[in-house]
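Only one structure is covered here, and it is reproduced in the block below.
The values are calculated or read from the model by the stated rules, or taken from the named source; none is laboratory data. What you see is a predicted model, and the numbers here were worked out from it, not measured in a lab. Here the Cβ positions follow ideal geometry from the backbone for every residue, glycine too, while neighbour counts run over all protein chains shown. Quick note on the areas: whole protein, heavy atoms, side chains included, nothing else; ligands and nucleic acids left out. Shrake-Rupley method; radii C 1.70, N 1.55, O 1.52, S 1.80 Å.
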Amino acid sequence: MAGLLLITHGSLGDDMLHAAKGILSGCPLPAEAIAVDADCDPDQLLETAGKLCDSLDDGTGVLILTDLYGSTPSNIANRLIETHNASVISGANLPMLLRVLNYPDMSLEALCDKAANGARDGIVVTTRKQAS
């Protein structure tokens, strides 16, 4: 069972985990979130994230979700894959997180596919038809 780490701007990761736990009545994966604030020290957060990866990894790896590719949270996450058995997916949203949490026994690679599909499938555009 892979571990799950969210690295996001502000409390977004904590808020998403809280919402998902409420929807699912719990959390089937070991999961943590790191808040990245504007005045943070990225190197200190990288150290913290590395320790969390170590504690979350039961030997099957860690899935790291981040909110915005190319941002500080994403950069921290992508530095972790150099030293940990981890995969990073950017663009985290609640459908992605719920999909991950619904398949806790999948391999890290399969979980990445489920997460990406969950994110894409969770985007639905609804418009109101104009009266003719």
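A few comments on the model shown:
- The chain, dipole about Cα centre (Lys/Arg Cβ +1, Asp/Glu Cβ -1), debye to the nearest 20: 840 debye
- Between the residues Cys40, Ile7, Thr60, the greatest Cα displacement towards the positive end of the dipole of segment 1-68, with unit charges on the Cβ of Lys, Arg, Asp and Glu, is found for Thr60.
- For the chain: accessible area per residue (Å², 1.4 Å): 55 Å²
- Estimated dipole of segment 89-132 in Debye, rounded to 20 [Cβ of Lys and Arg +1, of Asp and Glu -1, Cα centre]: 380 debye
- Structure-derived Kirkwood radius over Cα pairs in Å: which label, when the choices are [x] 14.2; [y] 15.0; [z] 16.0: [y]
- For the chain, averaging the sequence separation of C-alpha pairs within contact (under 8 Å, six or more residues apart) and dividing by the residue count gives a relative contact order of 28 percent.
- For segment 66-132: rounded, prolate or oblate by the Cα gyration tensor [a/c cutoff 1.5]: oblate
- By accessible area, using a 1.4 Å probe on protein heavy atoms only, the chain has 49% of its surface on carbon and sulfur.
- Relative to one another, the C-alpha centroids of segment 78-108 and segment 1-26 are positioned 11 Å apart.
- Equivalent ellipsoid semi-axes - Cα gyration tensor, segment 34-81, angstrom: 19, 12, 8
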